[in-house]
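Here the structure is laid out as structure tokens; the discussion comes afterwards.
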Amino acid sequence: MTKHIWIEPITGSRKTSNFCWTVILFLGSLGFLLVGTSSYLGRTWISLEIVFFPQGIVMSFYGIAGLFISSYLWCIISWNVGSGYDRFDRKEGLVYIFRWGFPGKNRRIFLRFFIKDIQSIRIEVKEGLYARRVLYVDIRGQGALPLTRPDENLTAWEIEQKAAKLAYFLRVPIEVF
């Protein structure tokens with residue numbers, strides 16, 4: 001962050017928790033597939049003995065389905081879907097929002113608008129068992145664009161500080177919903 005430019009990097013799907021869940025899902029589905037295959041072949045590779053019909057078929061199905069889901073998650077992690085940056089440039093009077101999406105024609109998501117079109121910085125707070133705090137930029141005629149992810153798990157103090165600094169930098173008010 002400089003005097004005239006504020007750049008906020010956005011982490012995508014390359015998070016430690018995503019790696020952990022993908023590895024757990026991959027290893028679990030390999031286990032299911034191993035149990036299903038061993039029941040089909042009539043061997044006991046694992047200390048579990050089950051009959052192939054219907055338990056072995058179901059275990060094989062769960063194993064194959066888990067492998068497909070884990071391969072999808074590995075692809076999302078390798079493509080780093082959701083990563084990017086928010087750039088606020090007071091000197092040029094422009095805001096740039098960039099995110100990486102899924103491969104294809106629209107992989108690069110790039111939005112550009114004027115700072116003078118920003119009405120406010122909005123904080124949406126939903127408390128409860130699954131607390132959700134999201135920071136938005138409210139653009140005149142466009143609606144609200146999220147600047148943070150709902151699963152970021154920011155504390156109330158952190159989201160307030162982030163909103164206050166950005167609102168001060170952009171010279172716009174803060175709204176809380």
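Coordinate-derived values only; no laboratory data. The structure presented is a predicted model; accordingly, all values stated were derived computationally and were not measured. Every residue, glycine as well, gets a Cβ built from its backbone with ideal geometry; the counts of neighbours run over all protein chains shown.
Taking 7 Å steps out from each Cα toward its Cβ at Arg132 and Tyr96 produces label points 3.1 nm apart.
Between helix 57-79 and the chain there is an angle of about 30 degrees, using the helix long axis and the longest principal axis of the Cα atoms. Among Thr2, Thr37, the ranking by other beta carbons within 10 Å of each residue's beta carbon, starting with the fewest, stands as Thr2, Thr37.
Loop-located trypsin sites (Lys or Arg not before Pro) in the range 1-52 (DSSP state not H, G, I, E or B) with no more than 12 neighbouring Cβ atoms inside 10 Å: Lys3, Arg43. The charge dipole of the chain, taken about the Cα centre with unit charges on the Cβ atoms of Lys, Arg (+1) and Asp, Glu (-1), comes to about 680 debye, rounded to the nearest 20.
Centroid-to-centroid, using Cα positions, the range 4-71 and the range 136-166 are 35 Å apart. Computed from the C-beta positions of Arg43 and Arg107 and an R0 of 45 Å, the FRET efficiency is 0.45 to the nearest 0.05.
Sorted fewest first by neighbouring Cβ atoms within 10 angstrom, Cys20, Cys75 come out as Cys20, Cys75.
Going by the alpha-carbon gyration tensor, a ≥ b ≥ c the square roots of its eigenvalues, is the range 82-176 rounded (a/c under 1.5) or, if a/c is not under 1.5, prolate (a/b greater than b/c) versus oblate? Note, shape of the range 82-176 comes out oblate. Tell me which GluC sites (Glu not before Pro) from the range 102-154 have a DSSP coil assignment and no more than 16 other beta carbons within 10 Å of their own. Within the range 102-154, the qualifying GluC sites (Glu not before Pro) (loop, at most 16 other Cβ atoms within 10 Å) are Glu127. The gain in end-to-end length when the Lys116 to Asp151 segment is fully stretched comes to 9.7 nm, 0.36 nm per residue minus the alpha carbon separation. In the structure shown, do any of Lys91/Lys162; Lys116/Lys165; Lys105/Lys162; Lys116/Lys162 have a Cα-Cα gap over 23 Å, and if so which? Result: Lys105/Lys162 exceed 23 Å.
Taking each DSSP H run with n ≥ 4 as -39500 (n - 2.57) and averaging over every residue of the chain yields -12500 deg cm²/dmol at 222 nm. Placing unit charges on each Cβ (+1 for Lys and Arg, -1 for Asp and Glu) gives the chain a dipole about its Cα centre, and among Tyr72, Thr44, Ile7 the Cα reaching farthest toward its positive end belongs to Ile7. Residue order for Ser38, Ser78, Ser83, fewest other beta carbons within 10 angstrom first, comes to Ser78, Ser83, Ser38. In this label model, Ser71 and Thr2 are separated by 4.7 nm, measuring between points 7 Å along each Cα→Cβ vector.
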